[in-house]
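Below is one structure; the comments refer to it alone.
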Amino acid sequence: MSLDLVANTVIGGALTGLVYGLMALGLSVIFGVVRVVNFAHGEMMTIAMYATVALFSALDLDPFVAVVPIAAAFFAAGYLLQAGLINPFITRPEHSQFMLLVALAIIIVNALLMAFGPDARTAQLDYLLDPIELGPLLIDRGKLAAAAVACVASAALFAFFRYTLTGTAIRACADNYLGAAVVGIRIRHLYALTFGLGAACVGVAGCMMVLLVDVTPALGPAYTLLAFVIVIVGGLGSLTGALLGGVLIGVSEALAGVLFVPSAKSMFSFALLVLVLLFRPQGLLGRRT
Amino acid sequence: MSSQPRNLSLNRRKFNRALAGAGAAAALAPFGIVRAQATRLKVGVLLPRSGFQGFIGQSCQKGADLAPEVIKAMLGVDIELMNADTETNVDVARTRAERLIQDGAHVLIGAFDSGQSSAIAQVAEQRGVPYIVNIAAAPQITEQGYKFVFRNFQTAADIVRNGLALIADLFQATNTVPRKAVFMHVNDTFGQAMAKGIGAFMPRLTNLPFKIVDTISYDPAAKDLTVEVSKAKAANADFLLLVSRLNDAILLRREMVKQRWQPMGVVSPGSPGMYEEQFFKTLGKLSEYCISNVPWYNPKAELTAVVEKAFLKRNPKDKLVYHGLNAGFTFEAILIAADAFKRARSTDPKTLADAIRQTHITSKMMLGGPIKFNEKGQVEGIGSACVQNLNLKPTVVLPASAAETKPVFPMPGYKA
Amino acid sequence: MNRRAVQWLGALAALLIALPALAGSYLLSLATLILFFAYTGQAWNVMMGFAGQLSLGHALYVGVGAYAAAALFVHFGIGPWAGLWLALALCALLGAAIGFLAFRFGISGVYFALLTIAFAEFTRIGFEHFDWVGASGGLFLKVAQREHTDLVNLRGSPAMFYYVMLALTAAAFGFCAWLARSRAGYYWLAIRENEEAAQALGIHTFRYKMLAVLVSSAMTAPAGVFFAFYYNNLFPEQIFNISRSIEIILGPIIGGLGTLFGPILGAAVLTVLADGLTELVAAVGWEVPGVKQVFYGVVLLGVVMFLPQGIWPALARRLGIGASGGR
């Protein structure tokens, strides 16, 4: 078990984890503010991945360029989805929300199957195949670039929530629904806006994920689960928590793969989830409500 | 309790009625009166055309679709296909099989996956309808003492044995003596069966010059195989012995390039993935030189040429070579059914099953000895070929009698 | 239950008992599948519909029950009726563990659901490496010839399996009807509606929530045993899969959460719908893979949006049985 192997693994895990973190960020925003149990989160990301692949194969559009229109499109779609379909469900019991989104997820996965077929698709960028060498370390260029974009997107989101008026208003809604309404904040519009932002995160994450993974219609459910695990481990309502959770999960899975049987490495994420749920249910960086 | 707006009640009533109607229609759909048509054989084709194994099922379907035409010309027999989608789900496989039999299928073929094939086998045996397995490697399917289940495909043990033997031939043909191999395998039903087979056969085969220095099993659902490849690279082996599926094969190959790991070769002792079209389409020139030792069609056989022509007619933008295994074995399964029908001159299931048991087909498409079932309903002597990716298509390089060109090993760019 | 209800129930019972004689083997296999999902849905309903705990990992109990009985049969030749006890014990134990962990630490709602998913996935991966029961290669039971009916070893014709499942479902129905009217049933109703108020009234919420989880998980075990002996092969990937967990809960939610008849109706509607759609799609000729599931999803969406209480309450009103469907 050489140190090089472990070091390379940890770095790779951390980079991938940042992209996962961005995806989870979207969920944290959606779940944390709008309180919707988005069980179609992974499927939304799969759509983003397919959109990237389609743009790449049809227009030769580099994913780093495509990320902007895709984020915009997802923002719009998220806004409309929330305002149109999901809004009436906010007050419904959780299992109702869950069923709504499961039904949506089924439709999405199979529509993708109809449109793109079951084969794995990717956007293979040849300039990303060569790794960066830093002594004994080999750093995957694609992972590094994707992680960088994820960080930029997250920073933009943080800035929005911290420094803009709308962002503050949204945080107010999350903290105290009634109080926000009393103060005159247009809650419905803000909810839709928030969902849109969460969706945009997913869009960017999906666009970058294509550089790391090949997309098939069946990817959705696994990512949904992963997003929830990260959000809970990191802490609901904490944006840095989502990123941190992502990195933590990425690194722990990678290490588990190195130290133990690789085929069982997913068990660690679930074990971590159970432990967090039991001993620190607000997550590592979450606030106790 | 939310109050329902008045205009919704009409929708609910309509909805329920429509639902009841659809349900009744489905339940009472024509029971498929079995007409005594001794002139036409109805073949039920059960394949996973949607769900996780969808692309393989669709590949197999291409072999089924061209069968009626080719068989009519060859044997003068009329075949009617009844296609059903198992949706990669064992519940659906079972009910679809029942449905096909009810609708008058005389013979069933399918279903690629061992779990679904087992479920269908039970239905077929229960109802006394012959079932010919086109592709499924779990040995248990023909170990249950069934009288109506037949398989024209290798069991996992045969695949491993043939695969390892071909590896020995490969080294001989290229005058190489690799000493160390690292074995990576996907941790699913097929991968595990292959791993067990390798564990059992390797000690017995004394003409293999290499030892397996490390075994790495990985999750079939894993989307990131960085760690696994790092571990494999760290084993410092001469070549990679790989049992995988298509998606993970693509991921692994790309990851090998990214981690600058250039072994002597990537050799599969018998698994899908590296010879499939998507592998070439996605990886481009990175797919070159990968080797798969799998049951394959004989490129020099007469029947192959006939099937290829029919394939191109129906799929002008496609090539048979990308569907060689899937389409080939599916076609042969239907061929067996038709041949039995011709001899039996009846569509009675029991008579057909007896006729299938007497099958002896020498003019076939897939490599190996004649199609002849042993007392367990298994064909013995199905051959494997060493198929190497050359010029962006799978090319038979061994055995020499069926080879299209010579094998390349080690692959260029190999760093000792 | 009013007289109307008894009449309808009687007619249904007669139909179900006579089904193997009336229907072809395709319909019979479909009916067996419906009963399987009706039974597991009913078991899940105890936890959710009665006690308000959303379990999204119920496939765990089906799988553990199946593997327990199958392993005993394959390795020691112990028949399913004896193996059933081990299955019941293991499932109850698991349910108790999950319940204890959750309720002790105050986990509820979505978090509880995720906990159940985590356990199911953890077990799935665990079984994929569990060599004694075949690991991911699968566990195969030896299939005997089906000439005669061997109830002791659960070997026989599809009709036999149908009747076993019918008996199980009927027993579950009766059991749940009794449960609903028992003291536990009313306590659960209170806990579901408002847990804090229930506690204030002096109801020992922890104890009764644990009871619900125990009953639900133990009840699911026989379904697993049935599955093992009906299909004769088990793969961890298939039986512990989250899609199975979702299949189990679709029936009760579509049919009517918390009602007695909801899970049964839901299972029937969904299975018939799925099969009907396959026929429809084939008849129309639009056989693109995935089409049928898209329609299926759309129907689910429709029911969730327009019939939030499920189909049964509305149907019951129409049939004049009563708004809460026999509870």
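Observations, loosely collected:
Yes/no matrix, rows are residues, columns are (1) surrounded by 18 or more Cβ atoms within 10 Å (Cβ to Cβ); (2) outside any helix (DSSP H, G or I); (3) touching a residue at least 60 places away in the same chain (Cβ under 8 Å); (4) assigned by TED's automatic domain parsing to the domain that holds residue B:161:
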{"position": "B:312", "(1), (2), (3), (4)": "no, no, no, no"}
{"position": "B:317", "(1), (2), (3), (4)": "no, yes, no, no"}
{"position": "B:327", "(1), (2), (3), (4)": "yes, no, yes, no"}
{"position": "B:332", "(1), (2), (3), (4)": "yes, no, yes, no"}
{"position": "B:336", "(1), (2), (3), (4)": "yes, no, yes, no"}
{"position": "B:339", "(1), (2), (3), (4)": "yes, no, yes, no"}
{"position": "B:342", "(1), (2), (3), (4)": "no, no, yes, no"}
{"position": "B:346", "(1), (2), (3), (4)": "no, yes, yes, no"}
{"position": "B:375", "(1), (2), (3), (4)": "no, yes, no, no"}
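- Every test in (1) modelled with pLDDT of 90 or more; (2) over 20 Å from residue C:111 (Cβ atoms) is passed by residue A:61 save one, and that test is (1).
Residues are listed down the side, and each one gets a yes or a no for (1) touching a Pro at 6+ places or on another chain (Cβ under 7 Å); (2) within 14 Å of chain C (Cβ to nearest Cβ); (3) over 24 Å from residue C:247 (Cα atoms):
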| position | (1), (2), (3) |
| --- | --- |
| A:56 | yes, no, yes |
| A:66 | no, no, yes |
| A:72 | no, no, yes |
| A:96 | yes, yes, no |
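- Set A:213, A:182, A:202: member being crowded, with 17+ Cβ neighbours inside 10 Å and either part of a helix (DSSP H, G or I) or not aliphatic (A, V, I, L, M) (or both): A:202
- Within the range B:181-208, being buried (at least 16 other Cβ atoms within 10 Å of the Cβ) and away from every other protein chain (no Cβ under 14 Å) holds for B:181, B:201, B:202, B:208.
- Within the range C:104-128, the set of residues being at pLDDT 85 or above and aromatic (Phe, Trp, Tyr) comprises C:112, C:119, C:122, C:127.
- Residue count, the range C:224-260 (criterion: away from every other protein chain (no Cβ under 13 Å) and either without any contact (Cβ under 8 Å) to a residue 60 or more places away in the chain or of a type in the set (Gly, Ala, Ser) (or both)): 1
- Among the residues examined, residue C:309 qualifies as out of contact with any helix residue (DSSP H, G or I) (no Cβ under 6 Å at 6 or more places or on another chain) and either facing chain B (nearest Cβ under 9 Å) or closer than 26 Å to residue C:121 by Cα (or both).
- Pairs where the first residue, in the range C:18-41, is in contact (Cβ under 8 Å) with a residue 12 or more places away in the chain and the second is of a type outside the set (Lys, Arg) and in a loop (DSSP other than H, G, I, E, B), C-beta under 8 Å, 6+ apart: C:31/C:23; C:40/C:58
- The condition (being surrounded by fewer than 21 Cβ atoms within 10 Å (Cβ to Cβ) and either of a type in the set (A, V, I, L, M, F, W, C) or away from chain B (no Cβ under 14 Å) (or both)) is satisfied by just one residue among C:68, C:59, C:21: C:21.
- Of all residues in the range C:121-171, those satisfying the criterion of being part of a helix (DSSP H, G or I) and at the interface with chain B (Cβ under 8 Å from one of its Cβ atoms) are C:125, C:135, C:136, C:137, C:158.
- Flag if residue A:161 is within 14 Å of chain C (Cβ to nearest Cβ) and not aliphatic (A, V, I, L, M): no
Here's the yes/no breakdown for (1) outside the structural domain of residue B:56 (by TED's automatic domain parsing); (2) at pLDDT below 90; (3) not small (Gly, Ala, Ser):
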| site | (1), (2), (3) |
| --- | --- |
| B:140 | no, yes, yes |
| B:164 | yes, no, yes |
| B:185 | yes, no, yes |
| B:216 | yes, no, yes |
| B:220 | yes, yes, yes |
| B:226 | yes, yes, yes |
| B:229 | yes, no, yes |
| B:241 | yes, no, yes |
| B:247 | yes, yes, yes |
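- For the range B:115-137, taking the residues that are within 7 Å of chain C (Cβ to nearest Cβ) and under 20 Å from residue B:191 (Cα atoms), the one that is surrounded by the most Cβ atoms within 10 Å (Cβ to Cβ) is identified as B:118.
- Here residue A:99 meets the list (1) in contact (Cβ under 8 Å) with a residue 24 or more places away in the chain; (2) buried (at least 20 other Cβ atoms within 10 Å of the Cβ) almost entirely, failing just condition (1).
- Test result for residue B:289, modelled with pLDDT of 90 or more and surrounded by 24 or more Cβ atoms within 10 Å (Cβ to Cβ): no
- Verdict on residue B:410 being surrounded by 23 or more Cβ atoms within 10 Å (Cβ to Cβ), touching a residue at least 60 places away in the same chain (Cβ under 8 Å), not hydroxyl-bearing (Ser, Thr, Tyr) and not in a helix (DSSP H, G or I): no
- Sole exception among (1) exposed (fewer than 15 other Cβ atoms within 10 Å of the Cβ); (2) modelled with pLDDT under 90; (3) in contact with a strand residue (DSSP E or B) (Cβ under 9 Å, 6 or more places away or on another chain) for residue B:415, by number: (3)
- Here residue B:276 meets each of (1) crowded, with 20+ Cβ neighbours inside 10 Å; (2) modelled with pLDDT of 90 or more; (3) closer than 30 Å to residue B:70 by Cα with one exception, condition (2).
- Qualifying position, being closer than 16 Å to residue B:330 by Cβ, without any contact (Cβ under 8 Å) to a residue 60 or more places away in the chain and aliphatic (A, V, I, L, M), among B:84, B:64: B:84
- Evaluation of residue B:157 against the conditions (1) more than 26 Å from residue B:56 (Cα to Cα); (2) of a type in the set (A, V, I, L, M); (3) surrounded by fewer than 20 Cβ atoms within 10 Å (Cβ to Cβ) shows that the sole unmet condition is (1).
- Single condition residue A:143 does not satisfy, out of (1) in contact with a Ser or Thr (Cβ under 8 Å, 6 or more places away or on another chain); (2) under 28 Å from residue B:51 (Cα atoms); (3) assigned to a helix (DSSP H, G or I); (4) within 13 Å of another protein chain (Cβ to nearest Cβ): (2)
- Residues of the range A:117-132 classified as without any contact (Cβ under 8 Å) to a residue 24 or more places away in the chain and out of contact with any strand residue (DSSP E or B) (no Cβ under 8 Å at 6 or more places or on another chain), total: 6
- Here A:5, A:27, A:18 are screened, and the one residue that is more than 14 Å from chain C (Cβ to nearest Cβ), within 17 Å of the chain's Cα centre (by Cα) and not in a loop (DSSP other than H, G, I, E, B) is A:18.
- As for the range B:238-250, it holds at least one residue that is assigned to a loop (DSSP other than H, G, I, E, B), in contact with a helix residue (DSSP H, G or I) (Cβ under 7 Å, 6 or more places away or on another chain) and crowded, with 22+ Cβ neighbours inside 10 Å.
- Here residue A:25 meets the list (1) touching a helix residue (DSSP H, G or I) at 6+ places or on another chain (Cβ under 8 Å); (2) more than 29 Å from residue C:244 (Cα to Cα) almost entirely, failing just condition (2).
The values are calculated or read from the model by the stated rules, or taken from the named source; none is laboratory data. These numbers come from a predicted model, not from an experiment. Virtual Cβ from ideal backbone geometry, glycine too; neighbours counted across all protein chains shown.
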